[in-house]
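Heads up, the thing below is written out as structure tokens.
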Amino acid sequence: MIEITKGAAPHSLGAKSRDAFGRILDLQDSTDLLSITTLSERVKTNPSTITRLAKSLGYPGFGAFQKALLATRLQQPGSFYLNQAQSALSNADQPIKQRAAQLCHENQANIDRFVENLDPNSFETAIRMIAEARRVTIYGICQFHSLAAFLAYGLRLIRADVSVLDANGLGVAEEIAAMGSGDVCIVISVAPYSRQVVAASQVAHEQGLDVIAITDLGSSPLVSHSKAAIFAPHQSSFISNSITSFFAVAECVINAVAAFDFQQTEQALIARQNLIKRLNIEDR
């Protein structure tokens, strides 16, 4: 921005675009960056001006410009949870309904951004890999362990041989060593990225497994070892990483795999329902 203002940059901007750019840069870590509509309202311009600004700066469109803005979050190493807690507690004096509404709206915006920025080619590649894999294992730790378990549950409804990596405590190395060509490993992590998950993605790739990354940014260390990547935004005032949008992603993945071979899915669901009846699991 300084170079543009001084005329020393390769990109030139008109007064209107330069003014909008300056105000956008002041929105560091703001949820107004989550969509072009809220951003244009915040900087008092229109979406088309922001789109032209992004292209003038060399980006193909707003999505790439937005990812660059969100990837430059300024925070000290190790301060993630403190920053999130400060964000969550900054509105503690507001009515509880208002605080709940804010968090829910932030999650809605994250899901909207996921839909807007979804790469259909990468998504379809991931679905095909899961549907045709010999075996599928899913790895996520801490709060993303629950997402891994949910994704495994949903995929098991429609295909066999799906497991959560290290669910039985035998060790990641032992389980990856038992897999090979034709198997798929789904890894899940977001900034600040879990070293164990990053290492597992690299080892799985080196072992010849097809890796699918479910993560937040194109700069994620999980991406370099993956054949397909699915990105979900998670910026919110939640005290930790918000995973609401990731559960929406998991549901989309499960439904897409189910639709990949509808007849096989139908047979699998009928067989599952028959087992539920035989075991008298459900109470009507």
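Brief remarks follow.
- With a simple spin-label model that places each label point 7 Å from the Cα along the Cα-to-Cβ direction, the separation between V115 and A160 comes to 3.7 nm.
- Gaussian network model of the chain, springs between alpha carbon atoms under 10 Å - residue of I111, I24, I243 with greatest fluctuation: I24
- Computed over Cα pairs, the Kirkwood radius of the chain leads via Stokes-Einstein (1.567 mPa s, 4 °C) to a diffusion coefficient of 62 µm² per second.
- Rolling a 1.4 Å probe over the protein heavy atoms leaves K55 with an accessible area of roughly 120 Å².
- For the chain, modelled as a GNM whose springs connect Cα atoms under 10 angstrom apart, the maximal fluctuation among E116, E132, E251 occurs at E116.
- Diffusion coefficient (Stokes-Einstein, Kirkwood radius over C-alpha pairs, 20 °C, 1.002 mPa s) for segment 200-284: 134 µm²/s, rounded to a whole number.
- Cα-centred dipole magnitude for the chain, charges only on beta-carbon of K, R (+1) and D, E (-1), debye, nearest 20: 580 debye
- Virtual spin-label span in nm between Q196 and E3, 7 Å along Cα→Cβ: 4.2 nm
- Inter-label distance, nm, simple model (7 Å from Cα along the C-beta direction), L269/E206: 4.2 nm
The values are calculated or read from the model by the stated rules, or taken from the named source; none is laboratory data. Just so it is clear, the structure is predicted and the values come from calculations on it, not from any experiment. In this analysis, Cβ positions are derived from the backbone assuming ideal geometry, glycine residues included, and neighbour counts consider all displayed protein chains. Ligands, DNA and RNA are stripped out before the accessible areas are found, and what is left, the full protein with its side chains, is counted by its heavy atoms. Shrake-Rupley method; radii C 1.70, N 1.55, O 1.52, S 1.80 Å.
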